[in-house]
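Report on the structure given below.
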Amino acid sequence: MPTSAEAMGVRVRDVSGAAPPARLRPAPAGALEGAGPVELALTGARLQARAHPGGLDRMLVWGSGGIGALRFEPPLPAAVEVRVTPNRIAYRAPGVRLQVAGLPDAPVVLLRGEGALPAVRVAAPRALPPGFGRRAALRRLADGWGVASDWAELVVRSPGGEAGARGALAFGPAGLMVVAAGADRDEAERAAATALAAADPERELAAWCEELAAVLTIDADDELQGLFLHGLHAARASRRRLADGRFAGLAAGVGYAMPPRTYYRDGYWTAQALLPTWPELAREQLLLLAREVTPDGRAPSGVIVASPAGERVWRARRAAEPALAADHPRDGVWWADHTDAPSFFALLACEVAAWTADPDLFEEPVDGVTIGARVAAALEGLERRTDADGLPVKPLHDRDWADNVFRGGHVTYDAALAYGALTRVAAAVARRDPGRAAAYRARARRLRAAARRRLWSEAAGHHLEFVLADGRAEGHLAIDTLTALRFGLAGEREAASVLAAVRARLETRHNREQPYGDWGVACVFPPYAPWVRRRGKSRFAYRYHDGADWPYWDGVYAEQRLLRGLAGWRYPLARWWRVGLAAGRATPVEYASPPFAPGSPSNGWSAMPAAAMLLGGFGLRPRGPTRTPPWGACTLRYRRPDGRRVVARVERDDAATREELDDG
């Protein structure tokens, strides 16, 4: 039996009784509308925060740390009407309108309203970060309040407003309040002054939204339009930087901020929506990740890029916790020797080279070692961790995507990534080094044959998740085995069987053995066998890796159905989004399931469903024709590898896609 959540002190949601009314619904042009206490995670290159009817909290300067909160006094009413667009939420109640908007690049949140606006109380963070001995403190400004600390600064200014005692601040006649932050006082005050001096302080966000909206417009499908728009925003807004302008990686989500890190795995999936739109962001990610691929071909789970204050916190945490230091042995890395990271690095290198049409990318040096040499090291490292038949062998630990589950031996997910890395690198280097390409292809063939013998179950009709060295196998259906389809490890007969199995067993609408009804696509079914060691959130059935719905895997699944022209593509593409909107989730979340709280909001790699619309629906590839998607009339704008922008139009449901250069 699965471990009892109640017995271990986990709060489980009540899913009995009639479903409550949906809090949010799709509206035209990708907006979301509804009522109730809706929250919105605001994300930007320097500042992230959570807006809700009670105020603004969880404010964090990227790379440095948390810097306080704003409380509305009184809070907005629980029945307030809301409208959400990327990084903006507008609240409307009788007698009051208030809009909260986060700028995507400047570390600024703008509050603008009219009517009986609430007062605001600025609060310093209560927690003292490890490594620091002095708490943050309020400081009075001429037209507001600030929060001063040794790790970050906050400035809240209200033109014409009145500052009261203990952080109290009223809106002035213009109904505008500027919330700015920074790694130090200079950055925070400069950002606030710039916003206050601008004729239109929201212009940066408006231009951002216009760019996002121009990528894909769907004539008559508000649900897919909103899913795409907010997904693309989550991917693009995941780009972080430090105060000095240094690129700090594509962030996984707002829940992964301290230490500030970027992942090989999450970054790869986030980049899928960016490659046809802003490929330069994927290139930045590749160059950042390259520096931690070691000469023996190993790579960590992620790379830490922090301010001096953030580095101080991370060193103090590791010094205080020996177990943490053992898992994260170096200042600049998160975890160590992750099984899937070298494959993701090699795959991303091939895709960036293709989407940027850069024949010399593999020759570009990073810390004195070329991208190509690091890719070669990654593949040679994979070779050293294979058995006599050429099949990768994973140690019995928790270091791949399922990082709460101890998987070992032969793992379909990892084997398929390695196969994809070998075949794609072979194609990328074939012209310059045909001998090396031939060797990679030969290794890939051996791997594929061994996987067919060891990991494919004819009786089950799908791959086994993993088989230990002692022969024990977790034989349930796991959605991460879809890597075998995406990267070519599975043949077409096997692929058809896997997709049928996923439809029947992981799509909860078809699976009456699971207890929660129709709530999306579970990542495994049945839950893990009792003998499989798990930790953390994955100890509970239908939570995290043990059966939750992960939108990025939904995107991988939907992409495969779209590419093959199969019916049923919409369910994995949009069911998670519809369920989330009903619960008031205004951004793509990391994962969700009925009995447990969802994962991180505004999750970058949860843009994979939006990527599936581009890569699966339109069939976008660096080379080749555009396909006609199954959702009818729409207009797509994307970037070819040669840099030219293209408009692809579908005039009606049965029309072919027509492409032309975008002169606008």
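The values are calculated or read from the model by the stated rules, or taken from the named source; none is laboratory data. Source: prediction; values computed, not measured. Note that each Cβ is placed from the backbone with ideal geometry, even for glycine, and that neighbours are counted across all protein chains shown. Areas reflect the complete protein model, heavy atoms only, side chains present, ligands, DNA and RNA absent. Shrake-Rupley method; radii C 1.70, N 1.55, O 1.52, S 1.80 Å.
Worth pointing out:
- Matching option when the condition is part of a strand (DSSP E or B) and under 30 Å from R126 (Cβ atoms), among A195, A180, A188: A180
- Residues in the stretch 263-311 that are out of contact with any Asp or Glu (no Cβ under 9 Å at 6 or more places or on another chain) and under 15 Å from W401 (Cβ atoms): Y263, D266, G267, W269, T270.
- Taken together, the residues in the stretch 31-47 that are more than 19 Å from L229 (Cβ to Cβ) and buried (at least 24 other Cβ atoms within 10 Å of the Cβ) amount to 2.
- Taking every residue in the stretch 589-617 that is at positive phi and pairing it with any residue that is open to solvent by 10 Å² or more (accessible area, probe 1.4 Å) and not aliphatic (A, V, I, L, M), at least 6 positions away or on another chain, the pairs with Cβ-Cβ distances below 6 Å are S602/T587.
- Test for G555: is it buried (at least 18 other Cβ atoms within 10 Å of the Cβ) and outside any strand (DSSP E or B): yes
- Listed by first and then second residue, the pairs with beta-carbon distance under 6 Å, at least 6 apart or on different chains, first residue in the stretch 455-472 and of a type in the set (A, V, I, L, M), second modelled with pLDDT under 95, are L464/G475.
- Looking across the stretch 424-438, just one residue is over 19 Å from D358 (Cα atoms) and either in contact with a Gly (Cβ under 6 Å, 6 or more places away or on another chain) or of a type in the set (A, V, I, L, M) (or both), and that is A438.
- Tabulated pairs, the stretch 283-297, first over 14 Å from P365 (Cβ atoms) and modelled with pLDDT of 95 or more, second assigned to a loop (DSSP other than H, G, I, E, B) and of a type outside the set (S, T, N, Q), C-beta under 7 angstrom, 6+ apart or interchain: E292/A299; E292/P300; E292/G332
- Check on T508, open to solvent by less than 10 Å² (accessible area, probe 1.4 Å), of a type in the set (S, T, Y), within 17 Å of R564 (Cα to Cα) and in contact with a Phe, Trp or Tyr (Cβ under 7 Å, 6 or more places away or on another chain): no
- Scan the stretch 79-120 for residues that are charged (D, E, K, R) and either buried (at least 19 other Cβ atoms within 10 Å of the Cβ) or outside any strand (DSSP E or B) (or both) and the total you get is 3.
- Boolean, A165 is outside any strand (DSSP E or B), among the small types (G, A, S) and modelled with pLDDT under 95: no
- Restricted to the stretch 448-472, and to residues there that are open to solvent by 40 Å² or more (accessible area, probe 1.4 Å) and not basic (K, R), the residue that is nearest to K394 (Cα to Cα) is A469.
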